[in-house]
Amino acid sequence: MLELRRKLLKGSSALLLSPLIGSGLLTPTALLAAEWNRNAFTARTINDALKAYAGTGATESRDIVISAPEIAENGAKVEIDISSNLPNTRTLAVFADKNPMPLCASLDFSGAALPYIRVQLKLAETTRIRAIAKTADGKTYIAFREVKVTLGGCGG
């Protein structure tokens, strides 16, 4: 009985949608998504990723706050919070220097949004985390934090 009901529902939905598809009323529309920086996300070294993402000339800033554990006992799940106190921050990005693909995340913010992110990274070894903030006036700022990863959680 249940199997018959499923077949009936599948068939009836196809019958209802077929006139709409045939008349052209159900057509794909343009995707309104942010541009994807393929070169930065697929770079294999930190220098290549930084060049592709931000170019050169990022200014070090204490207004970018990285909250991460000093020692991560489980490198498969390292939680990191990043916030920016820079006015008009539009983008925050997270890099892990020794990851196979260093650019881990890049998030864009609109006008009144609070520039704060929480990400969980997978780190195979002790590495430096970099946070890059881009402001509305085109300036780029950077902050660093070292995260030690222990194998087996022994803390050494």
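The values are calculated or read from the model by the stated rules, or taken from the named source; none is laboratory data. Computed from a prediction, not measured in an experiment: that's the story for all the values here. Neighbour counts run over all protein chains shown; Cβ positions are idealised from the backbone, glycine included. Calculation scope for accessible area: heavy atoms of the full protein, side chains included, ligands and nucleic acids excluded. Shrake-Rupley method; radii C 1.70, N 1.55, O 1.52, S 1.80 Å.
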Practice problem: Among residues belonging to region 40-58 that are under 15 Å from residue 131 (Cβ atoms) and of a type in the set (Gly, Ala, Ser), point out the one that is most open to solvent (accessible area, probe 1.4 Å). | Solution: 58
Quiz item: Looking at region 109-135, which of its residues are of a type in the set (Ser, Thr, Tyr) and open to solvent by 40 Å² or more (accessible area, probe 1.4 Å)?
Solution: 110, 116, 126
Self-check item: Evaluation of residue 61 against (1) in contact with a Leu (Cβ under 7 Å, 6 or more places away or on another chain); (2) over 14 Å from residue 130 (Cα atoms); (3) polar (S, T, N, Q) (one fails), failing number
Solution: (2)
Practice problem: Go through (1) over 20 Å from residue 77 (Cβ atoms); (2) out of contact with any helix residue (DSSP H, G or I) (no Cβ under 9 Å at 6 or more places or on another chain) and name the single condition residue 124 misses. | Solution: (1)
Exercise. For residue 17, indicate whether it is out of contact with any Asp or Glu (no Cβ under 9 Å at 6 or more places or on another chain), at pLDDT 60 or above and not hydroxyl-bearing (Ser, Thr, Tyr).
Key: no
Quiz item: Which condition number does residue 144 fail, the rest of (1) farther than 21 Å from residue 37 by Cα; (2) crowded, with 18+ Cβ neighbours inside 10 Å; (3) aromatic (Phe, Trp, Tyr) being met?
Solution: (2)
Exercise. Please state which of the following conditions residue 106 fails to meet, knowing it meets all the rest: (1) within 13 Å of residue 54 (Cα to Cα); (2) without any contact (Cβ under 8 Å) to a residue 60 or more places away in the chain; (3) open to solvent by 20 Å² or more (accessible area, probe 1.4 Å).
Key: (2)
